[in-house]
1. Under 21 Å Cα to Cα from Lys695, which lysines show up? Leave out anything in the same chain fewer than 8 places away.
2. Apply the Debye scattering formula to the chain, with a single equal point scatterer on each alpha-carbon and no solvent, then give log10 I(q)/I(0) at q = 0.07 Å⁻¹.
3. Calculate I(q)/I(0) for the stretch 8-120 by the Debye formula, one identical point scatterer on each C-alpha and no solvent, and give its log10 at q = 0.14, 0.16, 0.21, 0.22 Å⁻¹ to two decimals.
4. How much FRET efficiency would the formula 1/(1 + (r/R0)^6) give for Cys693 and Leu586, where r is the Cβ-Cβ distance and R0 is 22 Å, rounded to 0.05?
5. Pick out, from Phe114, Phe92, Ser19, the residue whose Cα sits farthest towards the positive end of the charge dipole of the stretch 8-120, with +1 on the Cβ of Lys and Arg and -1 on the Cβ of Asp and Glu.
6. Subtract the Cα-Cα distance of Met462 and Asp107 from 0.36 nm times their separation in residues, and report this length gain in nm to one decimal.
7. Taking a threshold of 19 Å on the Cα-Cα distance, which of the pairs Lys55/Lys498; Lys40/Lys569; Lys27/Lys104; Lys104/Lys156; Lys148/Lys707 fall above it?
8. Could you please tell me the mean projected area of the C-alpha convex hull for the stretch 151-255, averaged over all directions and given in square nanometres to one decimal?
Amino acid sequence: QAEEKWDFVLVSNIHEVGSEKETKRKKFLDELSKKGFTIKKIEDKKLFYGVRAPKQIFQKYQWLLRNPDSRLQNADAPPDIPVTTRIRIVNFILQNTVTSDLEKLHDLRKKRVFEAAFPLHEKEEVREFLTERWARWRDIFSQQPIEKIRCYFGEKVALYFAWLGWYTYLLGFAAVAGVVVFVAGITVFNSSQVSKEICEATNTTMCPLCDQKCPFWLLSDTCTYAKVTHMIDNEGTVLFAMIMAIWATVFLELWKRQRATVVTDWDLYRWDEEEEELAMELINNLQHEPQQYQHSYFRSTIILLLVLVMIAVLIGIAHGLVIYRVVATALFTQSDLEFLREQANTMAVITGAVLHYITIVIMTKVNRRVALYLCELEKPRTFSQHENSFTIKIFTFQFFTNFSSLIYIAFFLGRINGHPGNYVRIAGRWRLEECHPSGCITDLFIQMAIIMMLKQTISNVMEYLVPWINHKLHKKWQRPKKRRVMLGEEEEAEDPCKRQWLSNYQLSEVNAFSLFDEFLEMVIQYSFTTIFVAAFPLAPLLAFCNNLFEIRLDAIKMMRLRRRIVPRKANDIGIWLQVLEAIGILAVIGNGLVIAITSDFIPMQVYKYTYSPCMRENSTGVDCLTGYINHSLSVFRIQDFEPHTKPGLAPMGLCCRYRDYRNADDYSYTVQFWHIFASRLAFLILFEHAALCVKLIAAWYVPDVPKSVKNKFRVRKHNNLRKELRWVMPQQCRG
C-alpha cells in the first residue's frame with residue numbers, strides 16, 4: 001500500500017508521437033528518472049504521470065537541517081517524514097528540474113507540454129477529520145483544529161487560519177463596542193438639538209442644488225436625513241475612534257504572542273527559511289551555486305515610476321466616480337420623478353457606491369496583472385522575495401482602488417465646491433457636490449455600508465459558487481470511462497490510482513498565490529474595519545459576521561472544491577504583519593481626520609463653548625447648541641447668481657442660505673471659519689499624538705513573546721549544554 005502513495009501528479013494532453021511537445025515531455029520525465037524518481041503513467045483522455053521521490057532525498061533533507069521533522073537515529077534508518085514535508089520537497093525539485101533544453105516545469109506549462117501539476121488529496125485519517133469536523137457549515141462556532149490543519153496543509157496555511165481565527169475572536173469585542181455606540185446614537189435620534197432646529201426650520205430657504213430649473217428648498221425638508229446624520233455623528237464617535245486605534249494595536253500585539261506560542265510548539269520559532277532553501281537547492285543539484293543578492297537602482301527607479309503611474313490611474317478612476325456623482329446629482333434633480341428630485345443627493349451617493357464596487361471588482365484583476373508584471377521586471381531572487389514584492393504592490397494598488405473614492409467623500413466633498421455665485425465646475429458646466437447642512441458623514445456611512453455589504457455577499461457567494469460549479473461540471477463532463485493503464489508491457493483493466501487521480505484533477509486549480517488571495521481579502525477588510533470606522537461603527541460587526549462564514553468557506557474550498565495546495569513551511573504570516581502595522585497607523589490618521597474634518601463634532605464644540613447662548617447669558621434650561629444651524633449657514637443674495645444660472649421660482653425674500661462660514665457682503669471667510677479651522681487642526685494633532693502614545697504604551701505593555709516561550713527556550717539551552725558536558729566529562733576521564 002505504501003508503494004502506491006504518490007507525491008505528485010503531472011497531467012499532459014496526448015500529443016502526436018515525435019511532436020515537439022512529446023519530446024519535451026519525455027526529456028523532463030527522463031531528468032526525473034535520473035534523480036531516482038519512480039514514474040507511473042495512466043492514459044485516459046489525458047496522460048497522467050504519478051511521481052514518487054526516492055527515500056534518499058528525504059534522508060539528505062533531514063540530515064542537512066536536523067529539523068523537527070527528523071526522526072532518524074542514524075543515516076540508515078527508514079525515513080519517517082510528514083507528508084507535507086514530502087510534498088514541499090518534491091514540488092521544489094519538480095519546479096527546479098532543468099531539461100537539456102534549459103527549460104523548467106514552469107516553462108513547459110506555459111508551452112502546454114504539461115497542463116497541470118498537483119499533490120493529491122490522500123484518503124488519510126487527518127483529511128477525514130478535517131472534512132467532517134472543520135469543513136462544515138454546522139461547525140461555524142467551533143474552535144479550529146490548527147494542529148490538524150498544519151499536518152495536512154503545512155504551517156503557512158495553518159498560520160493563516162490561526163490568524164483569521166484570532167482576528168475574528170477579537171473582532172467580537174470591537175463589534176460589541178460598535179453596536180453600543182450605534183445604539184447610543186439611535187437613542188438621540190429624536191432628541192438632538194441640531195436635528196430639532198433643522199426639522200423646525202420651515203422658514204429657512206436654501207439655495208438650489210443645481211443651476212437650471214432647480215427649486216429653492218426648505219431646510220426642514222431634510223429632517224429625516226439630519227436625524228440620521230446626528231445618530232452617526234455624536235460624542236460617542238470620538239470615543240469609539242480612540243477605542244479602535246487601541247484595539248488595532250492590542251490585536252497585533254496579542255497576535256504576536258499567539259504566533260510565538262504556536263510556532264514554539266511546532267519547534268519553528270527560530271527556523272531559518274534561507275537555510276532551508278539552500279539545503280533543498282543542494283539536494284536537487286549538488287553542483288548548485290548560491291545566487292548573490294543584487295540591487296539595481298536603475299531598475300528600482302523604473303519600477304517606482306511605473307507604480308506611481310498606476311497609482312495616478314487609480315486616482316483618475318476615483319475622479320471619474322466623482323464626475324459621475326456630480327452629473328448624476330444634476331440629472332436626478334431635474335428628473336420628472338418627485339422621489340428622485342427630493343432624494344437626488346442620496347441616490348447619487350447610493351448609485352455611486354454601487355459603481356465603486358463594480359470598479360473594485362474590475363480593477364482587482366487589472367491590479368493583479370500589473371503587480372505581477374512589475375515583479376517580473378524586478379527579478380526577485382527567491383519565491384519569498386517575489387511574494388513580498390507582489391504583496392506590497394498589490395496591496396498599494398488595492399488600497400487606492402478601494403479608498404480613493406472614500407477619501408474624496410471624507411475630506412474633499414463639500415469643501416472644494418466654492419459657493420453660490422462662484423461655484424467650482426467640471427468642464428465649466430457641472431458644479432461639484434455640496435454637503436448637507438448637517439454634514440457629510442452620512443455620505444461616507446452610506447458608501448462604506450454599501451461597499452462592505454456587497455463585498456461580503458456577492459463576492460463571497462461568487463467565491464464559493466465558481467469553484468463549486470466548475471467542480472460539478474468537471475465531474476459531469478469527465479466522468480470516467482473504461483481506460484487502459486500502461487506500465488511498461490503490462491496492462492491492467494483496473495488500477496486503484498486512476499479514480500483518485502481523476503477526482504483530484506477535476507477539482508479547481510490552485511496556484512502559488514491561492515492563499516495570498518485569502519490574506520489580501522482579509523487585510524482589505526481589516527482596512528475598512530479600522531481606517532474609517534469613526535464614520536461607520538457597524539463595520540466591525542459586519543466583518544465579524546463575515547469572518548465566521550469566511551473561515552468555513554475557505555475550509556470547504558480547500559478540502560472539497562480545490563486541489564491540494566502545496567504546503568509551505570513558515571513561522572509567521574510574513575510581510576502581512578508589516579502591512580497590518582501600517583494600517584494601524586493609517587487608522588489613527590484616518591479616524592482623526594474624519595472627526596476633525598468630516599464630522600461636525602469640532603464646529604459644534606467651538607460654537608458650544610464660544611458662540612452659544614450659554615456663553616452670553618444665563619444657561620439655565622437652555623441647550624448650548626441652540627442656534628447652531630443658523631450660525632453655520634451663510635446668506636447669499638439671489639441677484640448675485642451667475643448669469644447662466646436659472647433657478648426655480650424665487651422665494652419671498654431676496655436671499656437664500658448655504659452651508660459655509662462666509663460674510664454676507666463680499667462672501668469672504670468669517671472669523672468663525674478661521675476659529676473652527678484652527679480648532680480642527682489642534683484637535684487632529686492632539687488626537688493623533690494621544691492615540692499614537694496609547695498605541696506605543698499598549699505595544700510596550702503587551703510583550704511580543706510570552707514568558708513561557710522564553711523560559712522554554714532557556715530550559716532547552718540549559719539541557720543541551722548539560723548533555724554536552726556529560727559527553728565531554730567521560731572523554732576527559734579517559735584522557
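The values are calculated or read from the model by the stated rules, or taken from the named source; none is laboratory data. Please read these numbers as outputs of a predicted model, since none were measured by experiment. So basically every Cβ, Gly included, is an ideal-geometry build from the backbone, and we count neighbours across all protein chains shown. Just the protein is used for accessible areas: all its heavy atoms, side chains included, with ligands, DNA and RNA removed. Shrake-Rupley method; radii C 1.70, N 1.55, O 1.52, S 1.80 Å.
1. Lys256
2. The Cα Debye sum returns log10 ratios of -0.64.
3. With one equal scatterer per Cα and no solvent, log10 I(q)/I(0) is -0.61, -0.75, -1.12, -1.20.
4. Numbers: r = 17 Å, r/R0 = 0.78.
Computed FRET efficiency for Cys693 and Leu586 comes out at 0.80.
5. Looking along the dipole axis, the top candidate is Phe92.
6. Details: separation 355, 0.36 × 355 = 127.80 nm, distance 3.11 nm.
Result for the pair: 124.7 nm of gain on full extension.
7. Values: Lys55/Lys498 24 Å; Lys40/Lys569 28 Å; Lys27/Lys104 11 Å; Lys104/Lys156 25 Å; Lys148/Lys707 26 Å.
Result: Lys55/Lys498; Lys40/Lys569; Lys104/Lys156; Lys148/Lys707 exceed 19 Å.
8. Details: hull surface 45.1 nm².
Averaged projected area of the stretch 151-255's Cα convex hull equals 11.3 nm².
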